[in-house]
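FYI, it's all coordinate maths here, none of it is from the lab. Because the structure is predicted, anything quoted here is derived from the model rather than measured. Note that we place each Cβ from the backbone using ideal geometry, even for glycine, and neighbour counts take in every protein chain shown.
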Amino acid sequence: MRPGEEPPQPRPNGTPMPPPAPLLVGYARTSTAEQAAGLEAQQRDLSAAGCGRVFSEQASSVGSRAELVRAMDFVREGDTLVVTKIDRLARSTIHLWDIVRDLDMKGVSLRVLNLGGEMVDTRSATGRLILNIFAGFAQFEREMMLERQKEGIAKAKAEGRYTGRKPSARLKADDARRLHAEGKTVTEIAKALGIGRASVYRALETAPGTAQDTALPVA
């Protein structure tokens, strides 16, 4: 069931009700520096595309995105998460691929209304091909991030600045980044560390060196 939904009641003859129809669920985002009109334009486009529910927020590319987490929790198997452009959803190819993998594990597809002037849906062959390309970039970024972390630790040790274990909150953030670099999904990391997915996303988005992540294409 979705958050806030009542369990389905059986028919008078005792047979179970059919599962609810799949939904198109929209997500709209603008940065805190952008005008509200940009958010309203996305909301209109998503509604016109058939989205019955739209989650919206103004959040920076590196800040926490509470409405994105809510949207990810809301969607169910068969649903489609819809965004106007990729850069409205994710801040890097790593972030995008993590979101897509989480959606895929739930049986949810992603639809981008404008990717280079075309609509792309991950249920289509073209959509899967594009995502496989993104996956390759994401793996490259993970390896580069892990390498930068190793180099940073080695340099700190050489300069006598390495302090060993860190406070628990910082340690969990580091563990989240390590597990992410090993290819774990956000959901898997959250379960392993006993923290929320929002905390995992926040740890990954503030990881040292992520400012060098490959920028997402803007159509």
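By a straight-distance test (C-alpha under 30 Å), which lysines pair with LYS172 as possible cross-link partners, with residues fewer than eight away in the same chain excluded?
LYS172 reaches LYS106, LYS150, LYS155, LYS157, LYS184, LYS191.
For the pair MET105/THR126, report the inter-label distance in nm, with labels modelled 7 Å from Cα in the Cβ direction.
3.0
Order these peptides, 50-56, 23-29, by their mean beta-carbon neighbour count within 10 angstrom, highest first.
23-29, 50-56
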